[in-house]
Structures are given as C-alpha cells and as structure tokens.
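The values are calculated or read from the model by the stated rules, or taken from the named source; none is laboratory data. Here the structure is a predicted model, which is why all the values come from computation and not from measurement. As a convention, Cβ positions derive from the backbone with ideal geometry for all residues, glycine included, and neighbour counts pool all protein chains shown. All accessible areas refer to the heavy atoms of the entire protein, side chains included, with ligands and DNA or RNA removed. Shrake-Rupley method; radii C 1.70, N 1.55, O 1.52, S 1.80 Å.
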Amino acid sequence: MQEHSFNFYFEYKIIRSSRKTVSIQVDSDCNITVRAPYRVSEKEIEKFVSDKKAWLEKAVLKQMTRNKNKKEYTDEEIKLLREKAKSILPEKVKYYSSIMGVYPKSIKINSAKKRYGSCSGENNINFSLYLMDKDERFIDYVVVHELAHIKHHNHSKAFYGFIERFMPDYKERKKLG
C-alpha cells in the first residue's frame, strides 16, 4: 500500500490486485482507498482520482456529516433499544416473510454500528439494535432488504426488483437511514 496526496486535499491509499477495474471508496473514517489492477500505472490512477474529484468531495462531506451526527448511547439506552428490537423485529420479519414467501433460518439482534442488517449464506438474519433509533419506514426497508437476500444473495438488478415488488418506494425509504 502506498500513500498519495492529491491537490493537497485528498490523501488516498492504493491497493493493487488481480481485479479488472479501478474503483474508489470513502470509509466511515473518511479514508480514501483506490483499488486498481496491477497493470494500471500511477499516472492512470492519478487521472482516475482527478476525474472523481467532485464525487470525492461530496462523499467525504457526506461521511463527515454522518460522523458529526453520530449519537453516543448510554448503557440504559442500549438496553432499551435491544428490548425494542427483540419485540418489534421478529414481528416485522414474520409479516414481510409471509408476503414475500421467504423465511430466515434465525433472527438475531446485535450491537453492530456500521450495518443495520445482514443475511448469511445460511439465511440467518442479524439486525443491529441501533436500527430501532431510525424512522419506521427505514426499519421496514431494512427488514425487506435482508429478507430479499434469502432469494438473492447479492445486490443485483433482480435483488432490487424483488424488493420493489413488495416495497415500490424502497428508494425513498432507504434515504431515511
């Protein structure tokens, strides 16, 4: 991994691998990572980053805003969120499962801070207790999203098409998170 500066604004690291395309991402700590094939030159990578400057500025600003708005929870608040999750989420899963015709092997509540939900390859669904602090329409979206992974273990067009069949306004709901 190499460290690079770009216009004195962006520092980024490059990770090279046997991939076919160049990509760029901003993580929750505002670190920028460029992933590139071995065959792509430093100059091509610099041009790629330069071409993405407007996107990068927007992505970093969005992440900084998210970080600023992160709430710190007391032990008591965490306990209450966990109880709320245990009472609400299984009912929502049961409701949407019956409509969608997909059923998880298990449902667990965890304290993940970076993901509101996940679905394993064995169709076990995990939800973060912090999901309970979100708008109910977003909670429903996350439930439908994770259930859709039982049918499609990816984020393909078919996956989002499946979600849209049961939640036509999913794009608006997703923004509430």
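Is the range 12-59 best put as rounded, prolate or oblate by its Cα gyration tensor, with a ≥ b ≥ c the root eigenvalues, rounded for a/c under 1.5, and otherwise prolate when a/b is larger than b/c, oblate when not?
Oblate is the answer for the range 12-59, as a/c is 1.5 or above yet b/c matches or exceeds a/b.
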Could you size up the charge dipole of the chain around its Cα centre, putting +1 on the beta carbon of Lys and Arg and -1 on that of Asp and Glu, and report it in debye to the nearest 20?
440
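For Cα pairs less than 8 Å apart in space and 6+ apart in sequence, what is the mean separation divided by the residue count of the range 1-135, i.e. the relative contact order in percent?
Values: 150 pairs, mean separation 19.8, N = 135.
Result for the range 1-135 is 15 percent.
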Options (1) 38, 37, 36; (2) 46, 35, 21; (3) 54, 39, 28 are given for Cα extents along the principal axes in Å, and the computed one is (3)
In nm, to one decimal, how far is the ALA59 label point from the GLU42 one, both placed 7 Å along Cα→Cβ?
2.2
Please report the antiparallel percentage of the DSSP beta bridges confined to the chain, to the nearest 5.
50
Only helical DSSP H runs with n ≥ 4 go in: add -39500 (n - 2.57) per run for the chain, normalise by residue count and round the 222 nm mean residue ellipticity to 500 deg cm²/dmol.
-15000 deg cm²/dmol
Of all the accessible heavy-atom surface of the chain, with the other protein chains kept in place and a 1.4 Å probe, what percent is carbon and sulfur?
50
Let me know the charge dipole size of the range 112-176 about its Cα centre in debye, to the nearest 20, where only the beta-carbon of Lys, Arg (+1) and Asp, Glu (-1) is charged.
260
Compute the distance from the alpha-carbon center of the range 36-98 to that of the range 160-175, in whole Å.
18
In the full protein assembly as shown, how much of THR21 is accessible to a 1.4 Å probe, in Å² to the nearest 10?
80
Select from ILE99, ILE107, ILE88 the residue whose mean-square fluctuation is largest in a Gaussian network model of the chain (Cα-Cα springs shorter than 10 Å).
ILE99
Distant-in-sequence amide H partners of ARG16 (H built 1.01 Å from N, under 5 Å):
ALA36
Using a probe radius of 1.4 Å on heavy atoms only, what accessible surface per residue do you get for the chain? Whole Å² is fine.
65
